[in-house]
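Scroll down for the structure; my scribbles are underneath it.
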Amino acid sequence: MIRRWASIGARRLSDALFAVMPTIPYARPETRACGGLAVEARDLTAGPSPDAPDAFGRISFEIPCGCRAALIGPNGSGKSTLLRVLAGLAPRRTGEIRVAGEAPRLGRRRVAYLAQRPRLTDPFPLRLRRLVQMGTYAHHGWFEECRHGEETVDRALAQLALTELADRPVGSLSGGQLQRGLIARAVVQGAEVLLLDEPFAALDRASRDVIEAFLFEQGHGFTVLMATHDPADLPRFDRLLELRAGALTTRLACDGHDHRHA
């Protein structure tokens, strides 16, 4: 009898939890508009791993809202580490950071990070449309079935020239197609700050052209911080941040929403 009542109680508790969880948002709502600076760092120090030396020491910089900024520097200068810290994927050792008005943390709607070489398990049965639709999860509760967002998904797929590939398994996509899919997912998510770690590395020309047009020519209001090694990319940016020998230098000016891409 005790076991029976315990079983009934456990089932009711489980049912109650699964009834409540969809009402709890996966990502905390962020409704405040950009207040002038999309990224602000003061006296920032971090390393690539907990036991590694500092990649850079006490650097300070700002990126206005709507600015396209390039992050340059030699291999090993700390570019990837800096992007991961801003994305909330790695801890800082000293200093203060604000990204889209808040300290970095995981699960933010307004910030999207793309690694240099995104990896997905090849056999995983995930199609491109579903990958892009995952961007809507930030607007749902835990375990809530995704019932809207199709128009947004279709629009993002079209913007990144992926409509004809929507039903392809992600394991069959080229590196450039997958990178475009992840950017489309960030669009569906509603990200305002894009942290991109060398997104053009090893891309085919067609994918590179699509991503460049999306980031620089279509009038989107994103703030972009993109690590790059290619000098040919630099004229497109409003601001250059150079990491070298543990120090950061800011070049060029950017007037926020009034710059050339707005």
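The values are calculated or read from the model by the stated rules, or taken from the named source; none is laboratory data. Being a predicted model, the structure only gives us computed values, none of them experimental. Here Cβ is always computed from backbone atoms with ideal geometry, including for glycine, and neighbour counts include all displayed protein chains. SASA here: full protein model, heavy atoms, side chains in, ligands and nucleic acids out. Shrake-Rupley method; radii C 1.70, N 1.55, O 1.52, S 1.80 Å.
Looking at (1) open to solvent by less than 10 Å² (accessible area, probe 1.4 Å); (2) farther than 21 Å from residue 115 by Cβ, which is the one condition that is false for residue 239?
Unmet condition: (1).
Taking residue 167 as meeting all but one of (1) of a type in the set (D, E, K, R); (2) at pLDDT 80 or above; (3) under 17 Å from the mean Cα position of the chain (by Cα); (4) open to solvent by 20 Å² or more (accessible area, probe 1.4 Å), write down the number of the exception.
Tallying (1) of a type in the set (D, E, K, R); (2) at pLDDT 80 or above; (3) under 17 Å from the mean Cα position of the chain (by Cα); (4) open to solvent by 20 Å² or more (accessible area, probe 1.4 Å), residue 167 fails exactly one: (3).
With the condition being open to solvent by 20 Å² or more (accessible area, probe 1.4 Å), among the acidic types (Asp, Glu) and closer than 15 Å to residue 38 by Cα, I'd like the strands (runs of 3 or more DSSP E) fully within the stretch 56-99 carrying at least 1 qualifying residues.
56-64, 94-99
Identify all residues within the stretch 183-207 that are more than 18 Å from residue 85 (Cβ to Cβ), open to solvent by less than 60 Å² (accessible area, probe 1.4 Å) and either under 18 Å from the mean Cα position of the chain (by Cα) or without any contact (Cβ under 8 Å) to a residue 24 or more places away in the chain (or both); write none if there are none.
183, 184, 186, 187, 188, 189, 190, 199, 200, 201
So which residues in the stretch 217-262 are at pLDDT 75 or above, of a type in the set (Asp, Glu) and assigned to a helix (DSSP H, G or I), if there are any at all?
233
Does the stretch 27-38 contain at least one residue that is open to solvent by less than 30 Å² (accessible area, probe 1.4 Å), modelled with pLDDT of 90 or more and not acidic (Asp, Glu)?
Within the stretch 27-38, one or more residues are open to solvent by less than 30 Å² (accessible area, probe 1.4 Å), modelled with pLDDT of 90 or more and not acidic (Asp, Glu).
Looking only at residues that are of a type in the set (Gly, Ala, Ser) and farther than 24 Å from residue 73 by Cα in the stretch 214-227, which one is nearest to the chain's Cα centre (by Cα)?
Among those residues, the one meeting the criterion is 221.
Answer yes or no: is there a residue in the stretch 210-220 that is under 23 Å from residue 81 (Cβ atoms) and either without any contact (Cβ under 8 Å) to a residue 24 or more places away in the chain or not β-branched (Val, Ile, Thr) (or both).
Yes: one or more hits.
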